[in-house]
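For reference, the structure is listed below as structure tokens.
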Amino acid sequence: MKKIFLAALLAGVLSGCEGFIDLKPIDFPTEETFYTDIKGLEGAVIGAYDEFQSSDQYGSKFLTLMETRGDNIKNDNSGASGGITYQIEVFTETPANSNLSGAWLSLYTGIYRCNLILQNADNVEMTADQRSKIVGQAAFMRALSYFNLVRLWGKVPLITHTQSVEEARNNKRADINDIYAQIITDLTTAKALPKAWPDAERGRATSYAAQALLAKVYLYMGNYPSVINELEPIITAIKAKKQLELVPMPQTFPNGLKTSKDIIFAVQYLKGGVGESVHQNSRYRNNDNGNIISLEPSEFESDADNRKALVAPTGSGQRPGKFNAPATNNETSADFPILRCAEVMLIYAEAANELSATPTQEAFDALNAVRENAGLQKKTAGELPTKDAFRKAVYKERRLELALECDRWFDIVRTKQFSEVFPGVAGYRQLYPVPQTEIENINDKTGWQNEGYTIE
């Protein structure tokens, strides 16, 4: 009886103080107060960058969804974490797999943060230069998030403003062409960013990063002339060796990621930071056969290839050399590369080859720049006389150059090597199932699951 009386009394007190308890402390930022000045927007930009560090993205789950799924990394521990990673390895994942729901939610969390910045930027008093930098960074990050979403799931909701709960429950999956159109729009906006930032702000997205990502988007769309147009200024900058430059891999990985001119954009981490992501210290660590390097050393032409040792098979408890930076408080400062000069050259080589009946000198120059940077001999027209032979050489170079950098799975699908690399696996597995938890929140579930999967 006493408990019932106290509960009733508390309810009366709270109802009488309704106006009071709804007030927020004047120093507590809310959605209504945080985005009203330049300081708030700049803080929001940092918050958007921060989501890329999440263990649901480049901190961990992307490594599973984008590399373990491919043929460079193998997971051979069917019992770990209820088998959720092993399911990705053997193509038995269901819409209930938490790797999928975690990545999906994190990507849309990042998009939500970018949307808040973009829809509030026009209402904040600031200089044109400040606005361009804030809007450009948010647009770049939103584009990168949608690029990952569309490559992982195909059709996804295209959300470019904050939504009410009811609006969200009525979302539809947008056409892939519409998603790519939005990505292009955002990256075109981001091209107005600076070519470089002061050292204290190094790591933010640049105009080079926007152009490189836009070229990569065009590559996925098969728009090769646009690839060339976007990359020519970057190629010029790489050759100038001022802000950008091809750097031999051992000088970049694992300890030079923050300073290497090869890095165009990377997810940054702080050594010994406060819980930024302990998964930095576990990148592809071979614990209990959880992350076995399956990229065979024989794939490399010779021991002279300076990339070979960095992705060599590892023993129990070890990380591959590519990410084996020293750790403090179980965390390393090793950033995770998203765009590099070496990939720019390979994208250019591929696009130039696709635009010609036979491999061009420009295509050979770009491909060989990467090979020489790796310590290898140039390829000649005698070795790669046809368009198809050159194409396969670029695909091979991409596998070796970008190994463990969350590109291999997408390359297998994009270059139509899926049935060759994974014979007998159903073709619908080239896209992941939409997370069941997301479908459950939608009013009209029609058309929400990818072909081959079922709504549970």
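Where a number appears in this text, it was derived from the coordinates with a stated rule and is not lab data. Only a predicted model underlies this, so the values are computations on that prediction, with no experimental measurement involved. Neighbour counts run over all protein chains shown; Cβ positions are idealised from the backbone, glycine included.
Neighbours of TRP104 by Cβ distance under 9 Å: Lys/Arg scored +1, Asp/Glu scored -1, total -2. With the simple spin-label model, which puts each label point 7 Å out from Cα in the Cβ direction, the GLN243 to ALA192 separation comes to 1.7 nm.
Taking only DSSP H segments of four or more residues, each worth -39500 (n - 2.57), what value at 222 nm results for the chain once the sum is divided by all its residues, to the nearest 500 deg cm²/dmol? Before the final figure, lay out the partial values.
Numbers: 18 runs with 208 residues, N = 456.
Mean residue ellipticity at 222 nm (helix-derived): -14000 deg cm²/dmol.
Per residue, the convex hull spanned by the alpha carbons of region 145-213 comes to 111 Å³. Of the residues LEU402, THR415, PRO385, the one whose Cα sits farthest toward the positive end of the charge dipole of region 370-427, with +1 on the Cβ of Lys and Arg and -1 on the Cβ of Asp and Glu, is PRO385. Taking a sphere under 12 Å around the Cβ of LYS241 and counting the other residues whose Cβ falls inside, with K and R at +1 and D and E at -1, yields a net charge of +1.
Residue farthest toward the positive end of the dipole of the chain, with Cβ of Lys/Arg at +1 and Asp/Glu at -1: which of SER260, VAL156, VAL434? Going by the Cα projections, it comes out as SER260. Each of the peptides 304-315, 111-122, 57-68 was scored by the mean count of other Cβ atoms within 10 Å over its residues; in descending order, highest first, they stand as 57-68, 111-122, 304-315. Rounded to whole Å, give me the distance from the Cα center of region 162-189 to that of region 354-387. Each part reduced to its Cα centre gives a spacing of 39 Å.
When only Cα pairs below 8 angstrom with a gap of at least 6 residues are kept, region 351-456 shows a relative contact order of 16 percent.
Segment GLN119..THR454, full-extension length gain: 117.0 nm, with 0.36 nm per residue of separation and the alpha-carbon distance subtracted.
Counting only Cβ charges, +1 for Lys and Arg and -1 for Asp and Glu, the dipole size of region 33-420 around its Cα centre is about 200 debye. How would region 33-420 be classified by its alpha-carbon gyration tensor: rounded, prolate or oblate, with rounded meaning a/c under 1.5 and the a/b versus b/c comparison settling the rest? Rounded.
For region 28-122, the C-alpha radius of gyration divided by 2.2 N^0.38 Å, with N the number of residues, is 1.40. Take the Cα of ALA389, step 7 Å toward its Cβ, do the same at ALA312, and the gap between the two points is 3.3 nm.
In this structure, the pairs whose alpha-carbon distance is over 30 Å, taken from LYS195/LYS216; LYS155/LYS191; LYS261/LYS308; LYS241/LYS308; LYS61/LYS308; LYS39/LYS172, are LYS39/LYS172.
Given R₀ = 51 Å, what would the calculated FRET efficiency be for ALA168 paired with ASP303, taking r from the Cβ atoms and rounding to 0.05?
About 0.40, to the nearest 0.05.
Distant-in-sequence amide contacts of PHE265, defined by a placed amide H-H separation under 5 Å and a gap of 5 or more residues or a different chain, comprise ILE338, LEU339. Counting charges near PHE147 (Lys, Arg +1; Asp, Glu -1) among other residues having Cβ under 11 Å from its Cβ returns a value of +2. Radius of gyration (Cα atoms) of region 283-383, expressed as a multiple of 2.2 N^0.38 Å: 1.35. The slack between ASP178 and ILE292, meaning 0.36 nm per residue of separation minus the straight C-alpha distance, is 37.2 nm. Rounded to two decimals, the Cα radius of gyration of region 230-271 over 2.2 N^0.38 Å is 1.24. Relative contact order for region 33-420: 18 percent, from Cα pairs under 8 Å spaced at least 6 residues apart, divided by residue count.
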